[in-house]
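First comes the structure, then the notes that go with it.
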Amino acid sequence: MSSLSVLPPAPPGVVPYITGYSREQNITPKFTHHPSGRSLVFVDETPHDRDSFGVPWVRPSLLPKGRRGEPLLQEAVVHPFRQRRAMRDQLCQVCTRPPADPEGRLLFLMRDAGRPIEEGERTASPPVCVPCAGISVQLCPRLRRHHVAAWVQHVPAWGVVGIVHDPLTLEPMSGDVEVTYDSSAARWVVAARLVSQLYGVEPVDLEEEFARLGRDRLEAEFARVVELAA
C-alpha cells in the first residue's frame, strides 16, 4: 500500500521541539585561558556550562513558548539546549516522545544527499518517531521532496558543532565546524550542537512504516502531536 493512500495530511502549525525562535538568543560568555593553559574557560563559568565530556556550550535563552517569538523554520535554526537534550536523551525532535524501548532501535530522518544513511554516519539531527516523520516529510522544506530514513541500533555521542578558538589568542578560527570529543580542538571549542554517530544502520522505506501503522493510528498520533505542540 502506498503512503499516498495511508498518510493523512499533516496538521498545520506543528513546530519541532528543537526549532529556534526569533526572540531566543545564544550568548557566548567571556572566556580566558584555563590556569593550566591547555583550554579555554568561561570567566563566570558554572557547572551547567559544560557537557559530560567537559566541553563548554553557548548559553541559549530559555523562554516559555508564548514569549519565544516566531519559529525560524525556513532558516532551519536549532535551539542548542533543546537539540542537545533531544539527542542526548534520544527524544523525538518534533514531539519529544522517548523511545518505547530504551534498548530498541531509533528512527533517523535526513535530507537525501544522493545515498542512503550509512553505517558510522555522523548527524546533529536527533531521532524522530514514525508519526512525526510523517509530519516532517510533509511540512519541512528541507525534507518535503528529498529524504532518506533508517532504523539505528546504537547512537553514541561523537562530538559537537561549534566555534574553535586559537589556543594562543583565543580568537575564533572558523565558523561552526564539527569537532570530535577526543581531539585537541575540543579544548578550544564553544559548542552549539551535539553530534552523534550511527551504528547498526538499516535503511527503511517510510511508506512501509506509515502503512504498518495505518491511517487511523496516524491520524490519532497527529492529533496527539498537535496537543503537545500547543
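The values are calculated or read from the model by the stated rules, or taken from the named source; none is laboratory data. Being a predicted model, the structure only gives us computed values, none of them experimental. For neighbour counting, all protein chains shown are included, and Cβ atoms are generated from backbone atoms with ideal geometry for every residue, glycine included. With ligands, DNA and RNA removed, areas are computed over all heavy atoms of the protein, side chains included. Shrake-Rupley method; radii C 1.70, N 1.55, O 1.52, S 1.80 Å.
Around Pro141, with a cut-off of 13 angstrom between Cβ atoms, what is the net charge of the other residues, counting Lys and Arg +1 and Asp and Glu -1? Counting the neighbours of Pro141, the net charge comes to +3.
Per residue, the solvent-accessible area of the chain (1.4 Å probe, heavy atoms of protein chains only, all protein chains present) comes to 54 Å². By accessible area, using a 1.4 Å probe on protein heavy atoms only, segment 123-193 has 54% of its surface on carbon and sulfur. Averaging Cα coordinates gives a centre for segment 151-230 and one for segment 55-77; these two points are 16 Å apart. The amide H of Arg193, built 1.01 Å from its N in the peptide plane, has Val161 as neighbours under 5 Å, considering only residues 5 or more places off or on other chains. Since only Pro99, Val161, Ala223 are under comparison, the one whose Cα sits farthest along the positive direction of the charge dipole of the chain, derived from C-beta charges on Lys, Arg, Asp and Glu, is Ala223. Enter the angle in degrees (range 0 to 90, nearest 10) between the Cα long axis of helix 80-89 and the first principal axis of the Cα atoms of the chain, meaning the one along which they spread out most. The helix 80-89 is inclined about 60 degrees to the chain. When +1 charges are put on Lys and Arg Cβ atoms and -1 charges on Asp and Glu Cβ atoms, the dipole computed for segment 29-151 relative to its Cα centre reaches about 380 debye.
Its Cα gyration tensor gives segment 171-230 an equivalent ellipsoid. The semi-axes, each the square root of 5 times an eigenvalue, are 40, 18, 9 Å from largest down. Of the two radii for the chain, the radius of gyration is 1.00 times the Kirkwood radius, both from the alpha carbons; that is the Rg over Rh value. Neighbours of Pro116, meaning other residues whose beta-carbon lies under 13 angstrom from its beta-carbon, give a summed charge of -4 when Lys and Arg score +1 and Asp and Glu score -1.
Taking packing as the residue-averaged number of other Cβ atoms within 10 angstrom, the listed peptides 157-167, 216-226 run from highest to lowest as 157-167, 216-226. Comparing mean-square fluctuations of Ala133, Ala76, Ala113 from a GNM of the chain with C-alpha springs under 10 Å, the top value falls on Ala113.
Between amide H atoms placed 1.01 Å from N, distances below 5 Å from Val78 occur with Gly20, all of them 5 or more places distant or on a separate chain. What the phi angles of segment 149-155 give under the Karplus curve with 6.51, -1.76 and 1.60, with θ = phi - 60°, is a coupling list of 9, 7, 7, 10, 8, 10, 9 Hz, glycine and proline written as x. Per-residue ellipticity at 222 nm from helix content only, as computed over the chain with -39500 (n - 2.57) for each DSSP H run of at least four residues, stands at -6000 deg cm²/dmol. Peptide packing: for 96-109, 134-147, the average count of neighbouring Cβ atoms within 10 Å per residue gives the ranking 134-147, 96-109, highest mean first.
Overall, the chain carries a charge dipole of about 620 debye about its Cα centre when +1 sits on the Cβ of Lys and Arg and -1 on the Cβ of Asp and Glu, all other atoms neutral.
3J(HN,Hα) along segment 186-200: 5, 7, 10, 9, 10, 8, 9, 8, 8, 10, 10, 10, 10, 10, x Hz, from the Karplus curve 6.51 cos²θ - 1.76 cosθ + 1.60 with θ = phi - 60°, whole Hz, x for Gly and Pro. Short-range pairs are left out: with C-alpha atoms under 8 Å and at least six residues apart, the relative contact order of the chain is 26 percent. Here segment 11-64 was treated as a single set of alpha-carbon atoms; its pair distances binned every 10 Å from 0 give 19, 41, 24, 12, 4, 0 percent. Computed 3J(HN,Hα) for segment 98-105, one whole-Hz value per residue from the Karplus formula 6.51 cos²θ - 1.76 cosθ + 1.60 where θ = phi - 60°, is x, x, 4, 10, x, 9, x, 7, glycine and proline marked x.
Panel values: segment 120-210, Kirkwood radius from alpha carbon pairs, Stokes-Einstein at 37 °C and 0.692 mPa s, translational diffusion coefficient 217 µm²/s.
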